[in-house]
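Engineer: Take this structure first; my questions come after.
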Amino acid sequence: MSTTGLAPEKLAMAPIFGREPPPQELVTHVPHACRLGMSIVTLAPHTAVLKLPYAEELIGDTKRGVVFGGAITTLLDQSSGLAVFCSLEQFTAIATLDLRIDYLRAAEPACDLTGRAECYRMTRNVAFVRGRAWDRDPERPFASCLATFMIGANATNTPLARMLEQLA
Amino acid sequence: MSGGSRKNRTPITGVPYARMLGVEVERSENGWLVVLPFREANVGNARLPALHGGVVGAFLELTALVELTRQLHSAGTPKPINFSIDYLRSAGADDTFGRAEIIKHGRRIANVRVSAWQSDETKPVAAGIGNFLL
């Protein structure tokens, strides 16, 4: 699916798509993603798939052994951000504007979790993303999400910012 | 206003992911605060540095859970149905504080609103709202 009218080969990440194994640097440079042992499964135009290995320290409800909702937030936030990167024509800073998660059911205990996000619409300023997370079957997700991101979050180099700097 | 004295802080031990993040609760003169002391391992952007968006989201959800547990005395852990996070400012290398308000407490569902800030409570870094199954 094209979100911007751009041919996939025009995307900034084009040289990376489909590379085997996928370059893990994109998550290993993120301290918290690294701490959780997250890894990239797939990077494709507008799409990112990430894995979060099950660990006891991710649990929210010890009685049921279920992973804490917040850990799923982290997986889906990371996947969503990478999906936006997979939609950029030029690399620029991005920032999460909002993220909404629906917890469809409890994640199965002792199971690795996978998150998949797709940037389905990209404008000059805002990227729109939807995602889902599952344990065993991609068709039976335990969580889904919607997120929006600001593009070019670091505004210090805009002409207006430069002009204001000169005035200051 | 920030959190005040560190002496009244207690780590959350019952939730493993909260322990991993290093979340604590603190009694203050106007209610309870949930505190996320700054840790390198919670960073998402090392260059800024800024906390991981997922960590901020998890912290908001945990703040809601603490408030629900404190007020409802329910037998089980309330289960999140959905949670929505607005990222308002970058959360820097500083302690983060959270406060939750139960907007509606029904028989089966509670609706909770949360705010998180760093040095100034009037300048929140993130806001969250969620529904929990009791």
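Engineer: Quick one: would you say B:Ile12 is facing chain A (nearest Cβ under 9 Å) and either free of Cβ contacts under 8 Å to residues at least 60 places away in the same chain or of a type outside the set (Gly, Ala, Ser) (or both)?
Structural biologist: Criteria not met by B:Ile12.
Engineer: Please go through the stretch B:44-75 and give me each residue that is at pLDDT below 95 and among the β-branched types (Val, Ile, Thr), ordered by number.
Structural biologist: Of everything in the stretch B:44-75, those that are at pLDDT below 95 and among the β-branched types (Val, Ile, Thr) turn out to be B:Val66, B:Thr69.
Engineer: Also, quick follow-up: I'd like to verify a number: residues in the stretch B:102-115 that are touching a residue at least 40 places away in the same chain (Cβ under 8 Å) and closer than 14 Å to B:Leu134 by Cβ, how many?
Structural biologist: 2
Engineer: State the number of residues belonging to the stretch B:89-118 that are more than 14 Å from chain A (Cβ to nearest Cβ), outside any strand (DSSP E or B) and modelled with pLDDT under 95.
Structural biologist: Qualifying residue count, the stretch B:89-118: 3.
Every residue, every condition in (1) part of a loop (DSSP other than H, G, I, E, B); (2) touching a residue at least 60 places away in the same chain (Cβ under 8 Å), yes or no:
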residue: A:Leu6; (1), (2): yes, yes
residue: A:Ala12; (1), (2): yes, yes
residue: A:Arg19; (1), (2): yes, no
residue: A:Ala33; (1), (2): no, no
residue: A:Gly37; (1), (2): yes, no
residue: A:Leu43; (1), (2): no, no
residue: A:Leu50; (1), (2): no, yes
residue: A:Leu82; (1), (2): no, no
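Engineer: Right, next: Taking B:Gly54, is it surrounded by 24 or more Cβ atoms within 10 Å (Cβ to Cβ), at the interface with another protein chain (Cβ under 7 Å from one of its Cβ atoms) and more than 15 Å from the chain's Cα centre (by Cα)?
Structural biologist: It is false that B:Gly54 is surrounded by 24 or more Cβ atoms within 10 Å (Cβ to Cβ), at the interface with another protein chain (Cβ under 7 Å from one of its Cβ atoms) and more than 15 Å from the chain's Cα centre (by Cα).
Engineer: Separate question: Where residues in the stretch B:70-101 are of a type in the set (Ser, Thr, Tyr) and free of Cβ contacts under 8 Å to residues at least 40 places away in the same chain, which of them is nearest to A:Pro31 (Cα to Cα)?
Structural biologist: The selected residue is B:Tyr87.
Engineer: Only residues that are touching a helix residue (DSSP H, G or I) at 6+ places or on another chain (Cβ under 8 Å) and either within 7 Å of chain A (Cβ to nearest Cβ) or of a type outside the set (Gly, Ala, Ser) (or both): list them for the stretch B:70-88, please.
Structural biologist: B:Thr77, B:Pro78, B:Pro80, B:Phe83, B:Ile85, B:Tyr87
Engineer: Let me ask something additional. Among B:Glu61, B:Glu24, B:Glu67, which is the only one that is in contact with a strand residue (DSSP E or B) (Cβ under 9 Å, 6 or more places away or on another chain), over 23 Å from A:Thr28 (Cα atoms), within 7 Å of another protein chain (Cβ to nearest Cβ) and among the charged types (D, E, K, R)?
Structural biologist: Testing whether each residue is in contact with a strand residue (DSSP E or B) (Cβ under 9 Å, 6 or more places away or on another chain), over 23 Å from A:Thr28 (Cα atoms), within 7 Å of another protein chain (Cβ to nearest Cβ) and among the charged types (D, E, K, R) leaves just B:Glu61.
Engineer: To continue, here is another question. Only one of A:Pro31, A:Pro45 is more than 11 Å from every other protein chain (Cβ to nearest Cβ) and either farther than 14 Å from B:Val15 by Cβ or among the acidic types (Asp, Glu) (or both). Can you tell me which?
Structural biologist: Residue meeting the stated conditions: A:Pro45.
The values are calculated or read from the model by the stated rules, or taken from the named source; none is laboratory data. Given the structure is predicted, the values throughout are model-derived calculations rather than measurements. Reconstructed Cβ throughout: ideal geometry from the backbone, glycine too, with neighbour counts over all protein chains shown.
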